[in-house]
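Student: Have a look at the structure that comes next, please.
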Amino acid sequence: MPQDNPTAPMDDREPVFQARIDRDEKIEPKDWMPEKYRRTMIRQISQHAHSEVIGMQPEGNWITRAPSLRRKAVLLAKVQDEAGHGLYLYSAAETLGATREDMIADLQSGKAKYSSIFNYPTLTWADIGAIGWLVDGAAIMNQVMLCRTSYGPYARGMVRICKEESFHQRQGYEIMLTLSRGSDQQKAMAQDALNRYWWPSLMMFGPRDDDSPNTQQSMKWRIKRQTNDELRQRFVDQTVPQAEYLGLTVPDPDLHWNKEREHYDFGEIDWDEFWQVVKGNGPCNRQRIAHHVAAHEEGEWVREAALAYQARKASAEEAA
Ligand code: BYC
């Protein structure tokens with residue numbers, strides 16, 4: 001096969017690679033791949049990993065203040081799951097030659113992005129419900145598609161992540177259900193969380209297809225199987241009836257069912273806000289990175305100890 005032949009001319013390798021993608025074959029770490037495919041995968045997987053890890057902060061903020069022992073145990077487990085997702089994803093990116101040190105340095109310098117949604121604060125307990133329901137709901141919408149992405153290690157990691165995300169989504173919806181069936185004050189708290197998290201959740205899917213520089217090539221390489229706008233529409237269609245069941249109002253006066261399209265029409269997203277947040281100027285961007293840097297520095301001794309243990313074990317094995 002020309003893709004396994006390192007001396008085959010580039011002209012042959014690219015079409016063979018594309019033919020493998022078109023046949024829905026998975027690309028594995030040792031397979032030949034165009035350099036741009038490799039860089040795109042590292043970009044997306046590492047940014048996905050960063051999102052999982054930074055996403056622990058807004059939720060972690062409520063672990064000590066969860067309203068009951070049960071809620072606390074569930075939230076603690078969810079936040080630990082997010083750390084696990086980050087680890088699977090960093091490992092998947094490492095199979096492409098990226099190093100953990102470089103990925104972390106890119107996150108901390110602002111070179112690598114993470115999901116815009118985690119730059120909004122969690123002001124009340126209802127925000128934890130809204131994150132599970134809306135943010136994990138949006139994440140699943142995107143990640144179910146990624147279970148069939150063309151890069152093998154990423155696709156396999158996503159299968160496991162999706163199982164955990166669907167539990168996360170349900171626990172968030174259950175919090176919202178409890179609050180919306182509770183006192184007037186609790187219902188108002190749930191409505192306020194929906195008001196603040198609705199639009200940022202729609203932004204999670206990324207820019208409009210017309211303004212998305214990466215979508216076309218990523219669709220061709222089957223990294224993405226659906227576009228940002230297609231997934232956003234599916235999310236709105238699925239989530240609006242859930243809001244109705246809760247008795248809450250989606251904060252969009254233009255939202256209505258379009259009989260001809262058989263989809264909800266919805267209002268214009270504030271794209272200026274989206275790009276401001278992506279560029280680092282959201283309400284919590286600086287706080288998120290500062291916290292990550294501090295935690296990373298405090299964890300230096302753990303990394304040193306782990307490396308020393310590994311080196312010692314290797315030399316003991318060599319001596320035996
Ligand atoms: N926020 O050409 P586009 C979770 C960037 S976490 C920030 O459409 P692409 C969870 C984009 O990176 C779930 N930046 O790009 C964890 C690109 O910039 P670069 C996170 C964004 O890659 C804890 C530029 O805008 N999920 O589940 O084709 C608790 C142009 O965009 C955003 C993932 O990461 C954004 N929202 O499509 C709870 C899924 N959107 O990189 C839950 C994996 C766009 O060229 N990622 N940008 O400098 C993807 O599926 C794709 O990367 C995206 C964007 C759909 C996000």
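Student: Sticking with the crude label model, points 7 Å out along Cα→Cβ, report the distance from R170 to N195 in nm, one decimal please.
Tutor: 3.2
Student: Given that compact globular proteins tend to follow 2.2 N^0.38 Å, what is the ratio of the alpha-carbon Rg of segment 173-283 to that value?
Tutor: Against the compact-globule rule of thumb, the ratio is 1.22.
Student: Just the number, please: carbon plus sulfur as a percent of the accessible area of the chain, 1.4 Å probe, no ligands or DNA/RNA counted.
Tutor: 54
Student: How long is the gain from A319 to S109 if the chain were fully straight, where each residue apart is worth 0.36 nm and the alpha carbon distance is subtracted?
Tutor: Gain on extension, A319 to S109, equals 71.4 nm.
Student: What FRET efficiency, computed as 1/(1 + (r/R0)^6) with R0 = 22 Å and r the Cβ-Cβ distance, is obtained for R43 and A295, rounded to the nearest 0.05?
Tutor: 0.40
Student: So how far, in whole Å, is the C-alpha centre of segment 162-219 from the one of segment 262-320?
Tutor: Computed from Cα coordinates, the inter-centre distance equals 22 Å.
Student: Nearest 0.05, what FRET efficiency do D254 and D24 give at R0 = 35 Å with Cβ-Cβ as r?
Tutor: On the way: r = 38 Å, r/R0 = 1.10.
Efficiency, rounded to the nearest 0.05: 0.35.
Student: What list of whole percents do you get for P(r) of the chain, with Cα-Cα distances grouped in 20 Å bins up to the one holding the largest distance?
Tutor: 29, 55, 16, 1
Student: Turning to a different aspect of this structure: Could you sort Y88, Y264 by their accessible area in this structure, using a 1.4 Å probe and putting the largest first? Mind showing how you got there, number by number?
Tutor: Numbers: Y88 65, Y264 30 Å².
Final ranking, largest accessible area leading: Y88, Y264.
Student: Same structure again: Which of the lysines could be linked to K113 by a straight reach, that is with a Cα gap under 24 Å, when you skip same-chain ones fewer than 8 residues away?
Tutor: Qualifying lysines at Cα under 24 Å: K36, K78, K220, K224, K279.
Student: Not counting ligands, DNA or RNA, and with a 1.4 Å probe, what is R208's accessible surface area in Å² rounded to the nearest 10?
Tutor: Here the accessible area works out near 90 Å².
Student: Modelled label-to-label distance, Y245 and E273, 7 Å Cα→beta-carbon offset: nm?
Tutor: For the pair Y245/E273, the computed spacing is 2.6 nm.
Student: What 222 nm value per residue comes from the helices of the chain, counting each DSSP H run with n ≥ 4 as -39,500 (n - 2.57) and dividing by all residues, nearest 500 deg cm²/dmol? Don't skip to the answer; put the middle values down first.
Tutor: Values: 14 runs with 205 residues, N = 320.
That calculation yields -21000 deg cm²/dmol at 222 nm.
Student: Can you list residues whose amide H is under 5 Å from H263's amide H, if they're 5+ apart or on another chain and H is modeled 1.01 Å from N?
Tutor: Residues meeting the criterion, in which the H sits 1.01 Å from N, are N258.
Student: Relative to the present Cα-Cα distance, how much length would full extension add between R225 and L76 at 0.36 nm per residue of separation?
Tutor: Working: separation 149, 0.36 × 149 = 53.64 nm, distance 3.26 nm.
Answer, rounded to one decimal: 50.4 nm.
Student: What does the accessible area per residue of segment 154-298 come to in Å², with a 1.4 Å probe and no ligands, DNA or RNA counted?
Tutor: Here the per-residue accessible area is 54 Å².
Student: Among A66, T99, M56, which residue has its Cα furthest toward the positive end of the charge dipole of segment 1-127, with +1 on Lys/Arg Cβ and -1 on Asp/Glu Cβ?
Tutor: Result: A66, furthest along the dipole toward the positive end.
Student: Sticking with this structure for a sec: Between segment 107-144 and segment 9-48, what is the C-alpha centre distance in whole Å?
Tutor: The distance from the Cα centre of segment 107-144 to that of segment 9-48 comes to 29 Å.
Student: Still on this structure, please answer the following. What is the calculated FRET efficiency for S183 to D210, with r their C-beta to C-beta distance and R₀ = 30 Å, to the nearest 0.05?
Tutor: 0.10
Student: Taking the full set of protein chains and a 1.4 angstrom probe, give the accessible area of D270 in square angstrom, rounded to the nearest 10.
Tutor: 80
Student: Amide H neighbours of I223 under 5 Å, at least 5 residues apart or on other chains, H built in the peptide plane: list them.
Tutor: S150
Student: Compute, for K78, the solvent-accessible surface of its heavy atoms (probe 1.4 Å) with the complete set of protein chains present, and express it in square angstrom to the nearest 10.
Tutor: Counting only protein heavy atoms, the figure is 0 Å².
Student: Another question, then. When a/c is below 1.5 the answer is rounded, else prolate if a/b is larger than b/c, else oblate, so apply that to segment 77-162 with a ≥ b ≥ c taken from the square roots of the Cα gyration tensor eigenvalues.
Tutor: On the way: a/c = 2.13, a/b = 1.31, b/c = 1.63.
Oblate.
The values are calculated or read from the model by the stated rules, or taken from the named source; none is laboratory data. Computed from a predicted model, the values in this text were never measured in an experiment. We place every Cβ from the backbone using ideal geometry, glycine too, and count neighbours over all the protein chains shown. All accessible areas refer to the heavy atoms of the entire protein, side chains included, with ligands and DNA or RNA removed. Shrake-Rupley method; radii C 1.70, N 1.55, O 1.52, S 1.80 Å.
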